[in-house]
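Structure, as structure tokens:
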Amino acid sequence: MRDLLDEALAGVAARPTRLVLTTLGTVLGIAALVGTVGLGQTAAGQITQLFDLAAATRVVVTPDDNGQEGEAATQLPWDAPERLTRLNGVDAAGTVSQVDVGDDLVRSVTGLDGQKEGYKLQVMAASGGLFDAVRAALKTGRFFDAGHDARGDKVVVLGKNAAKRLGINRVDSQPAVFIGDQAYTVIGILDAVSGKAELLDSVIIPNGTAKTAFNLKAPESVEIRTSVGAAQLIAKQAPIAIEPNDPSGMKVDAPPKQGGVRKGVESNLNALFLLLGAVALLVGGLGIANVTLLSVLERVGEIGLRRALGAARRHVAGQFLVESVIVGFLGGLLGTAVGVLLTVGVSFARDWTPILDNKLTFGAPFLGAVIGLIAGTYPAWKASAIQPITALRGT
């Protein structure tokens, strides 16, 4: 065994350029495997972290319209946000409804001459707490509050897309928009929201204004922003807090448990990146097989001489198998280092927390050795099948 190892090491070291080229395929394959799995797990961690901060804290309650025939339709009370904010774990709550404005169009004051028909924009009614509940960010101006709601003031907050269509980009001059023939003062423009993207395309008015101007009977839904980890509990408590006499009349839309989503995201990403890494590793294995087979063809004279001096077929096959295993192990070792550096480097550049699989990191060099063993099987068999007389005659 020691002689076999010595001969294999001598054969590998005798051609350093070929060793580098042969090892390169395994290095790339193992580096791709370790790097893609590491980056996949790191990306999954970032995705689930964002999920925890945003989607996992959103709960929506709407009336359940699947009641028995003949029963009165369940309605959300106007003070639903106040009832919900008493619950421990609710950070903010607000109602939102789509307002039926009939055939009325929305137009800006500056467009009266050339814009007589206006735009068919969605009009939404909201309570003052909605903006905090959906993590709304202002582009300019301010939100309306409970005072505007109670007085039924004719004020609006425009989503940024609606404001762009109406040609309004500032509110310091108190611009107005018309919904039908009624004028409303624009006091703010939304720049971003979380979980309620349609608000960016809407004209938003206070609930009190919608009740007076458009006869809004009741809110359509209530948006709840909870503390992280409290969504499941609030989903159970919200119907009772809103309608204690008939909580079954409320429908709750809550996020799934965070652990299940995290596992699902990680498993999907890992499956994708493992497939890509396996393809790269296959290419590396084929590279080892190709170069090793070429080495056999170039060393026919050496093989014939060894056979003529008494080496058995198993000795020749063993030498080439060990050479392939050494090349694969070296490639796996270097590839692991490159993959780890790639994962850490990308994570550092993106300000992420790198996540590495210890089993894969420590097992990758031995995986390279296995790939080398498999890749060298056919060339070793080919070398052992060479007859001494044929080899010596050919040289």
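The values are calculated or read from the model by the stated rules, or taken from the named source; none is laboratory data. Small disclaimer: the values here were computed from a predicted structure and weren't measured. We place every Cβ from the backbone using ideal geometry, glycine too, and count neighbours over all the protein chains shown. Areas reflect the complete protein model, heavy atoms only, side chains present, ligands, DNA and RNA absent. Shrake-Rupley method; radii C 1.70, N 1.55, O 1.52, S 1.80 Å.
In the stretch 95-102 there is at least one residue that is open to solvent by 30 Å² or more (accessible area, probe 1.4 Å) and either part of a strand (DSSP E or B) or more than 19 Å from Glu198 (Cβ to Cβ) (or both). Which one of these is surrounded by fewer than 22 Cβ atoms within 10 Å (Cβ to Cβ), small (Gly, Ala, Ser), free of Cβ contacts under 8 Å to residues at least 24 places away in the same chain and more than 15 Å from Val96 (Cα to Cα): Ser227, Ser173? None of the others qualify; the one that does is Ser173.
Annotation note: of Leu333, Leu356, the sole residue that is surrounded by 15 or more Cβ atoms within 10 Å (Cβ to Cβ), in contact with a helix residue (DSSP H, G or I) (Cβ under 6 Å, 6 or more places away or on another chain), free of Cβ contacts under 8 Å to residues at least 60 places away in the same chain and not polar (S, T, N, Q) is Leu333.
With a requirement of 2 or more residues that are farther than 21 Å from Val60 by Cα, the strands (runs of 3 or more DSSP E) lying completely within the stretch 142-237 that satisfy it span 155-159, 176-179, 182-192. Here is a check on your reading of the model: is Val34 over 30 Å from Lys211 (Cβ atoms), touching a helix residue (DSSP H, G or I) at 6+ places or on another chain (Cβ under 7 Å) and modelled with pLDDT of 75 or more? Here the answer is yes, as Val34 does meet what is asked. Checked against the criterion of being over 23 Å from Arg299 (Cβ atoms) and surrounded by fewer than 17 Cβ atoms within 10 Å (Cβ to Cβ), the candidates Ala364, Ala349, Ala312, Ala385 yield just one match: Ala349. With respect to Ala183, determine if the residue is modelled with pLDDT under 95 and in contact with a Gly (Cβ under 6 Å, 6 or more places away or on another chain). No; evaluated as a whole, the condition is false for this residue.
Taking the stretch 113-170 as the range and being open to solvent by 80 Å² or more (accessible area, probe 1.4 Å) and in contact with a Phe, Trp or Tyr (Cβ under 8 Å, 6 or more places away or on another chain) as the test, the residues that pass are Lys154, Arg165. Scanning the stretch 77-94 for residues that are open to solvent by less than 20 Å² (accessible area, probe 1.4 Å) and either among the hydrophobic types (A, V, I, L, M, F, W, C) or under 31 Å from the mean Cα position of the chain (by Cα) (or both) yields a count of 7. Among the conditions (1) modelled with pLDDT of 75 or more; (2) open to solvent by less than 50 Å² (accessible area, probe 1.4 Å); (3) of a type outside the set (Asp, Glu), Leu281 misses just one, which is (1).
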